[in-house]
Amino acid sequence: MYDLLNVKGLKTAFKNNNQRVSVVNGVDFGINKGEIVGIVGESGCGKSVTSLSIMRLLHDTTGDIQDGKVTFKGENLLDLSERSMRKIRGKEIAMIFQEPMTSLNPVMKIGKQLMQGIILHLKYSKEKAKKHAIDTLKSVGIPRAEDIMNEYPHQLSGGMRQRVMIAIAMSCEPELLIADEPTTALDVTIQAQILELMKRLQSDRGTAILMITHDLGVVAEVCDRVIVMYAGRVVEEASVDELFESPRHPYTKDLIESVPKIGERKSRLYSIPGHVPNPNQMPNGCKFAPRCQHAMEICFNKEPELTSEEKRKHRCWLYQQNNVGREQNLGSK
Ligand code: SF4
Ligand code: MG
């Protein structure tokens with residue numbers, strides 16, 4: 001049990017040609033107060049849908065939650081009314097996305113957008129909210145905060161817009177910040193600054209962060225612990241150090257292998273062969289088997305469970321006891 005958020009058996013399905021297809025299929029993980037946890041995986045692995053499910057923000061999609069529990073500070077968010085959920089969103093759990101332009105209102109001044117949440121959730125007077133908004137903008141490294149209050153989103157650079165989004169997210173001092181690819185749209189220098197800012201907010205304010213990313217570089221930079229997702233499932237979980245030092249799941253190994261290393265000259269960038277399976281046509285057995293260099297017979301027939309080994313977890317027949325194929329496989333390496 002984690003002391004902030006516990007996700008258990010989360011299943012989310014989408015409607016597709018009158019069929020329901022599971023995009024998130026029994027996801028389990030948790031976050032402690034003040035921790036930075038990464039969810040990493042290729043696009044389509046279900047990481048964004050997991051975060052939207054936690055926030056119950058699927059109404060713009062054809063998706064809905066089929067099963068599971070999302071317990072935040074002891075309360076199952078999936079049992080709450082929309083009204084109660086609205087009090088949690090923005091105040092206790094805030095979210096930032098890849099492209100701030102889509103979450104900021106293009107025709108509303110930055111100051112007004114910031115003050116809205118502050119007035120709604122913290123019940124501050126207009127004057128007090130304005131001061132708090134300016135302080136929050138300063139705290140995320142925005143120069144000329146008073147002037148920026150009167151500007152529109154399009155007047156700012158991409159990096160500044162993302163800082164504004166972080167300011168809006170942090171303005172009510174949430175205990176959990178969910179950041180979905182927060183730096184993907186930014187160039188490398190700005191990306192580093194934003195990650196640095198998020199780390200600082202975590203250490204100054206003790207905000208826990210769930211960092212959703214396809215980029216292991218981001219994970220290495222900021223996270224304490226990592227969840228690796230593949231085809232709607234958790235396939236590995238470990239501390240960042242353990243994950244990079246001794247990845248267990250073949251998919252994690254491939255992901256690490258495909259990160260370009262500074263100073264290393266590679267004739268060709270390694271990319272994992274094959275594709276993430278279509279949720280309509282999930283293979284039987286291990287979902288990674290069609291792309292796995294270590295696949296054994298059992299892998300194509302039976303899906304491995306997520307098993308624990310000390311503080312880490314993995315879903316792979318290579319590490320499961322009484323696995324009949326193990327010696328055969330390790331012997332043939
Ligand atoms: Fe590869 Fe089998 Fe492990 Fe799946 S269970 S990752 S196919 S070795
Ligand atoms: Mg995504």
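The values are calculated or read from the model by the stated rules, or taken from the named source; none is laboratory data. From a predicted model like this one, the values you see are computed outputs, not experimental measurements. Cβ placement follows ideal geometry from the backbone for every residue including glycine, while neighbour counts extend to all protein chains displayed. The protein model used for the area step is the full one, side chains on, heavy atoms only, and it has no ligands, DNA or RNA in it. Shrake-Rupley method; radii C 1.70, N 1.55, O 1.52, S 1.80 Å.
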Filtered residue count, the stretch 52-67, keeping only those that are in a helix (DSSP H, G or I) and within 9 Å of Leu10 (Cβ to Cβ):
2
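Going by the structure shown, is Gly38 out of contact with any helix residue (DSSP H, G or I) (no Cβ under 6 Å at 6 or more places or on another chain), open to solvent by less than 30 Å² (accessible area, probe 1.4 Å), part of a strand (DSSP E or B) and within 16 Å of Gly232 (Cα to Cα)?
For Gly38, the condition - out of contact with any helix residue (DSSP H, G or I) (no Cβ under 6 Å at 6 or more places or on another chain), open to solvent by less than 30 Å² (accessible area, probe 1.4 Å), part of a strand (DSSP E or B) and within 16 Å of Gly232 (Cα to Cα) - is not met.
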Matching residues, the stretch 52-91, being within 16 Å of ligand 2 (Cβ to nearest atom), touching a strand residue (DSSP E or B) at 6+ places or on another chain (Cβ under 9 Å) and of a type in the set (D, E, K, R):
none
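Of Val23, Val49, which residue is assigned to a helix (DSSP H, G or I) and either within 16 Å of ligand 1 (Cβ to nearest atom) or of a type in the set (A, V, I, L, M, F, W, C) (or both)?
Exactly one residue qualifies, and that residue is Val49.
Test Val70 against the stated conditions and say whether it is in contact (Cβ under 8 Å) with a residue 40 or more places away in the chain and out of contact with any Phe, Trp or Tyr (no Cβ under 6 Å at 6 or more places or on another chain).
Yes: the conditions hold for Val70.
Which ones in the stretch 271-298 are outside any helix (DSSP H, G or I) and of a type in the set (A, V, I, L, M, F, W, C)? Spell out the reasoning first.
First pass over the stretch 271-298, keeping only residues outside any helix (DSSP H, G or I): 271-278, 282-288, 292-296.
Result: Ile272, Val276, Met282, Cys286, Phe288, Cys292, Ala295, Met296.
What number of residues in the stretch 221-244 are assigned to a helix (DSSP H, G or I), of a type in the set (Phe, Trp, Tyr) and under 15 Å from the mean Cα position of the chain (by Cα)? Before you say what the answer is, go through the steps one by one.
Kept after step one, since they are assigned to a helix (DSSP H, G or I), are these residues of the stretch 221-244: 221-222, 240-244.
Going one step further and asking which of them are of a type in the set (Phe, Trp, Tyr), we end up with 244.
Subset that is under 15 Å from the mean Cα position of the chain (by Cα): none.
Of the residues in the stretch 221-244, 0 are assigned to a helix (DSSP H, G or I), of a type in the set (Phe, Trp, Tyr) and under 15 Å from the mean Cα position of the chain (by Cα).
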May I ask you to verify whether Gly30 is assigned to a strand (DSSP E or B), open to solvent by less than 20 Å² (accessible area, probe 1.4 Å) and of a type outside the set (Val, Ile, Thr)?
yes
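Being touching a Lys or Arg at 6+ places or on another chain (Cβ under 6 Å) and surrounded by fewer than 20 Cβ atoms within 10 Å (Cβ to Cβ) is true for just one of Ser246, Ser239. Which residue is that?
On the way: Ser246 fails: touching a Lys or Arg at 6+ places or on another chain (Cβ under 6 Å).
Unique residue meeting the criteria: Ser239.
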Assuming Pro182 fulfils every condition listed in (1) under 24 Å from Ile93 (Cβ atoms); (2) open to solvent by 10 Å² or more (accessible area, probe 1.4 Å) apart from one, which condition is it?
(2)
Looking at (1) touching a helix residue (DSSP H, G or I) at 6+ places or on another chain (Cβ under 9 Å); (2) more than 11 Å from Phe97 (Cα to Cα), which is the only condition Gln162 fails?
(2)
Single residue of the stretch 41-51 satisfying the filter (at negative phi and open to solvent by 30 Å² or more (accessible area, probe 1.4 Å)) that is farthest from ligand 2 (Cβ to nearest atom)
Glu42
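Need at least 1 residues that are surrounded by 17 or more Cβ atoms within 10 Å (Cβ to Cβ) and among the acidic types (Asp, Glu) per element, so show me which helices (runs of 4 or more DSSP H) inside the stretch 68-142 make the cut, counting only ones lying wholly within it. Write out each step before concluding.
Details: elements: 82-88, 100-103, 110-122, 126-139.
Where helices (runs of 4 or more DSSP H) fall fully within the stretch 68-142, none carries at least 1 residues being surrounded by 17 or more Cβ atoms within 10 Å (Cβ to Cβ) and among the acidic types (Asp, Glu).
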Please enumerate the residues belonging to the stretch 224-236 that are buried (at least 24 other Cβ atoms within 10 Å of the Cβ) and away from ligand 1 (no atom under 15 Å from the Cβ).
Val226, Ile227
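Quick check on Leu186: is it within 16 Å of ligand 2 (Cβ to nearest atom), of a type in the set (A, V, I, L, M, F, W, C) and within 27 Å of Thr307 (Cβ to Cβ)? I'd like the intermediate steps shown before the answer.
Values: within 16 Å of ligand 2 (Cβ to nearest atom): yes; of a type in the set (A, V, I, L, M, F, W, C): yes; within 27 Å of Thr307 (Cβ to Cβ): no.
For Leu186, the condition - within 16 Å of ligand 2 (Cβ to nearest atom), of a type in the set (A, V, I, L, M, F, W, C) and within 27 Å of Thr307 (Cβ to Cβ) - is not met.
Looking only at the stretch 52-67, filter to residues that are hydrophobic (A, V, I, L, M, F, W, C) and open to solvent by 10 Å² or more (accessible area, probe 1.4 Å); which one of those is farthest from ligand 1 (Cβ to nearest atom)? Step through it out loud before you land on a result.
Taking the stretch 52-67 and keeping what is hydrophobic (A, V, I, L, M, F, W, C), we get 52, 54-55, 57-58, 65.
After this cut, where a residue has to be open to solvent by 10 Å² or more (accessible area, probe 1.4 Å) as well, the list is 52, 57-58, 65.
Details: Leu52: 27, Leu57: 31, Leu58: 29, Ile65: 27 Å.
Among those that are hydrophobic (A, V, I, L, M, F, W, C) and open to solvent by 10 Å² or more (accessible area, probe 1.4 Å), it is Leu57.
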Of all the residues that make up the stretch 184-218, how many are in contact with a helix residue (DSSP H, G or I) (Cβ under 6 Å, 6 or more places away or on another chain), outside any helix (DSSP H, G or I) and without any contact (Cβ under 8 Å) to a residue 40 or more places away in the chain?
1
